[in-house]
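Structure record follows, encoded as structure tokens.
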């Protein structure tokens with residue numbers, strides 16, 4: 001039950017159904033989900049560790065507001081971790097794993113699928129490239145960072161979904177990552193990951209700046 005409640009609350013936060021900066025009582029959340037206080041309280045503790053809520057004294061929690069410093073902190077940590085793992089992973093990842101990642105990357109260019117449709121597969125894609133050299137702790141930390149940044153990415157890239165050319169760019173950006181891994185060159189791979197993250201961050205920053213700037217960006221996640 002706790003896992004189900006956690007997943008439902010996480011989904012509602014990431015989709016914006018539970019709005020950033022809004023405070024909700026445990027009674028209110030339990031009523032929405034038709035469960036008791038206990039699984040809601042436990043779920044909120046897990047979500048606080050992911051940076052998605054701030055638990056208040058008493059029986060309430062606030063959805064973490066979207067924040068520029070928060071976003072930049074997430075990407076600063078990602079840039080410190082992901083290129084280093086990628087340097088090691090490109091030497092040991094199998095050709096079969098790269099073939100599977102390439103097929104996934106190509107699917108990201110499907111115009112029928114928006115960011116909300118592909119987000120979980122997108123996580124899987126990046127994890128498949130890094131997992132051969134990632135420890136269990138690496139994966140825990142990366143998953144936390146990816147989830148913390150998900151709201152920004154969904155907003156920023158969701159604004160670009162109406163542009164058919166964006167889907168092509170999105171697919172190509174991920175095909176380029178696979179191509180870099182196929183070179184087995186650690187420095188080339190690290191540079192590709194760093195460029196990918198820099199583009200992501202610019203799009204997410206545009207989401208915070210508002211519709212005008214976000215819609216005018218043209219990078220791919």
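The values are calculated or read from the model by the stated rules, or taken from the named source; none is laboratory data. Computed from a prediction, not measured in an experiment: that's the story for all the values here. Because the Cβ atoms are built from the backbone with ideal geometry, glycine has one as well, and the counts that use them run over all protein chains shown.
Remarks
- In the set (1) surrounded by fewer than 20 Cβ atoms within 10 Å (Cβ to Cβ); (2) over 17 Å from the mean Cα position of the chain (by Cα), the condition left unmet by residue 143 is number (2).
- Within segment 5-37, the residues that satisfy the criterion of being more than 18 Å from the chain's Cα centre (by Cα), part of a helix (DSSP H, G or I) and without any contact (Cβ under 8 Å) to a residue 24 or more places away in the chain are 28, 30, 31, 32, 37.
- Residue check: residue 33 meets all listed conditions (1) more than 21 Å from residue 132 (Cβ to Cβ); (2) assigned by TED's automatic domain parsing to the domain that holds residue 186; (3) crowded, with 16+ Cβ neighbours inside 10 Å; (4) modelled with pLDDT of 90 or more but one, namely (2).
- Pick from segment 42-54, criterion free of Cβ contacts under 8 Å to residues at least 40 places away in the same chain and in contact with a strand residue (DSSP E or B) (Cβ under 6 Å, 6 or more places away or on another chain), ranking: surrounded by the most Cβ atoms within 10 Å (Cβ to Cβ): 44
- The condition (being in a helix (DSSP H, G or I) and touching a helix residue (DSSP H, G or I) at 6+ places or on another chain (Cβ under 7 Å)) is satisfied by just one residue among 86, 103, 61: 86.
- Within segment 177-196, not a single residue is over 15 Å from the mean Cα position of the chain (by Cα) and modelled with pLDDT under 95.
Residue-by-condition table, conditions (1) in contact with a helix residue (DSSP H, G or I) (Cβ under 6 Å, 6 or more places away or on another chain); (2) in a helix (DSSP H, G or I); (3) under 22 Å from residue 13 (Cα atoms); (4) in contact (Cβ under 8 Å) with a residue 12 or more places away in the chain:
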site	(1), (2), (3), (4)
125	yes, yes, no, yes
144	no, yes, yes, yes
160	yes, no, yes, yes
167	no, yes, no, yes
197	yes, yes, no, yes
201	yes, yes, yes, yes
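- Matching option when the condition is touching a strand residue (DSSP E or B) at 6+ places or on another chain (Cβ under 6 Å), more than 26 Å from residue 138 (Cα to Cα), at pLDDT below 95 and outside the structural domain of residue 199 (by TED's automatic domain parsing), among 57, 20, 39: 20
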